[in-house]
Amino acid sequence: MAVALIGLPGCGKSTLGKLLARRLGTTFVDVDAAVEKRRRLTVAQIFAADGEAVFRQMEQDEFARIAESPEGVVATGGGLVLRAQSRALLIERYTVIYLRAMVPCLFERTRNNARRPLLQVADRRAKLEELFEQRDPLYRETAHLTVDVIEARPDAALERMLVLLGRPPMNP
């Protein structure tokens with residue numbers, strides 16, 4: 001089973017992706033980490049040196065490589081859905097789960113994180129609202145399943161994902 005997690009920054013794609021992969025007994029790949037490894041720079045450094053457009057192309061190229069042999073659990077970058085080609089690959093090759101969180105929750109989760117270049121702005125909440133308005137329709141269009149991840153503990157979201165994927169529930 002190949003599963004891809006999509007959603008805004010701070011929704012838990014990497015954290016929940018690792019947990020889900022472990023629970024399913026499969027591999028985990030983080031697209032942003034794969035880009036960083038290939039480029040030998042952080043996402044923030046790529047944004048600073050080359051700009052968002054170059055990063056988005058690198059992100060799409062790296063995801064296309066990963067999707068050549070879809071397996072395991074993939075945590076996508078939050079902006080991967082901005083490109084139609086990436087959305088098509090997601091829909092065709094993965095069970096796509098949209099990890100949906102509202103802006104107040106995302107704001108709290110990202111407020112002290114300097115690794116997210118799009119959120120290094122004076123009004124982080126306004127930027128998150130803008131990203132939500134822009135991307136939520138694309139996430140909904142792309143996702144096969146949606147899991148609300150407002151709860152602070154990841155085990156509830158993990159349990160919900162497992163149930164939706166038709167996997168046995170975890171031990172109580």
* To do: For GLY7, state whether it is under 20 Å from PHE132 (Cβ atoms), under 16 Å from the mean Cα position of the chain (by Cα) and surrounded by 15 or more Cβ atoms within 10 Å (Cβ to Cβ).
  => yes
* Asked: With respect to LEU131, is the statement that it is at pLDDT below 85 and of a type in the set (A, V, I, L, M) true?
  -> no
* To do: Could you tell me whether the range 102-114 includes any residue that is over 19 Å from THR142 (Cβ atoms) and in contact with a Gly (Cβ under 6 Å, 6 or more places away or on another chain)?
  => yes
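Yes or no, residue by residue, for (1) within 23 Å of PRO154 (Cβ to Cβ); (2) of a type outside the set (Phe, Trp, Tyr); (3) at pLDDT below 90:
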| residue | (1), (2), (3) |
| --- | --- |
| ARG40 | no, yes, no |
| ASP50 | no, yes, yes |
| GLN57 | no, yes, no |
| GLY72 | yes, yes, no |
| ALA84 | no, yes, no |
| ALA88 | no, yes, no |
| ILE97 | yes, yes, no |
| ALA114 | yes, yes, yes |
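This table checks each residue for (1) part of a loop (DSSP other than H, G, I, E, B); (2) among the polar types (S, T, N, Q); (3) in contact (Cβ under 8 Å) with a residue 24 or more places away in the chain; (4) touching an Asp or Glu at 6+ places or on another chain (Cβ under 9 Å).
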site: ALA122; (1), (2), (3), (4): yes, no, no, no
site: LYS127; (1), (2), (3), (4): no, no, no, no
site: PHE132; (1), (2), (3), (4): no, no, yes, no
site: ARG135; (1), (2), (3), (4): no, no, yes, no
site: TYR139; (1), (2), (3), (4): no, no, yes, no
site: VAL147; (1), (2), (3), (4): no, no, yes, no
site: LEU158; (1), (2), (3), (4): no, no, yes, no
* Asked: What's the number of the condition LEU41 fails, among (1) among the hydrophobic types (A, V, I, L, M, F, W, C); (2) surrounded by 18 or more Cβ atoms within 10 Å (Cβ to Cβ); (3) not in a helix (DSSP H, G or I)?
  -> (2)
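The values are calculated or read from the model by the stated rules, or taken from the named source; none is laboratory data. For clarity, every value in this text was computed on a predicted model and none was experimentally measured. Ideal geometry is used to build each Cβ from the backbone, glycine not excepted, and the neighbour counts take in all protein chains shown.
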